[in-house]
Amino acid sequence: MEGVGLIGFLVIGVLAGFIAEKVMNSKHGLLTNLIVGVVGAYLGGFLASLVGISFYGFLGSLVIASIGAIVFLYLLGLIKGRK
């Protein structure tokens, strides 16, 4: 998430968490969306680098963070389902 700055990073985190929340049909608050989005940004960036995908700017970062957040919520659902 190069070049977006701290405020941009937080905005992307909240938006990515919100998008993941809607895609995964879950319900969270703003703070949880931010946490999910930030974790998703790191996870998405890691996964993108594994497969050789480059992304730039706000929109590219938002897409990668959203994908990472969706994967994160999916994995959390798998872990919670095993209790």
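Taken per residue, the accessible surface of the chain reaches 64 Å², heavy atoms only and a 1.4 Å probe. Taking percent of Cα pairs over 21 Å apart as calculated from this structure, the corresponding entry among (1) 23; (2) 19; (3) 30 is (1).
Taking a ≥ b ≥ c as the square roots of the Cα gyration tensor eigenvalues, with a/c under 1.5 meaning rounded and otherwise prolate when a/b beats b/c, else oblate, which class fits the range 23-70? Verdict is prolate for the range 23-70. Under the simplified labelling scheme, the LEU31-LEU50 pair shows an inter-label distance of 3.1 nm, with each label point 7 Å from Cα along Cα→Cβ. Restriction of the chymotrypsin sites (Phe, Trp or Tyr not before Pro) in the range 28-74 to DSSP coil positions whose beta-carbon has at most 14 other beta-carbons within 10 angstrom yields TYR56.
How tilted is helix 5-23 with respect to the longest principal axis of the chain? Cα atoms for both, answer in degrees (0 to 90, nearest 10). The angle comes out near 40 degrees. Solvent-accessible area of the chain (1.4 angstrom probe, protein heavy atoms only): carbon and sulfur portion equals 72 percent. Computed extension gain for LYS80 through PHE9, at 0.36 nm per residue and net of the alpha carbon distance, reaches 22.8 nm.
The values are calculated or read from the model by the stated rules, or taken from the named source; none is laboratory data. From a predicted model like this one, the values you see are computed outputs, not experimental measurements. Using ideal geometry, Cβ is built from the backbone for each residue, glycine included, and neighbour counts are taken over all protein chains shown. The area values use the complete protein model at the heavy-atom level, side chains included, leaving out ligands, DNA and RNA. Shrake-Rupley method; radii C 1.70, N 1.55, O 1.52, S 1.80 Å.
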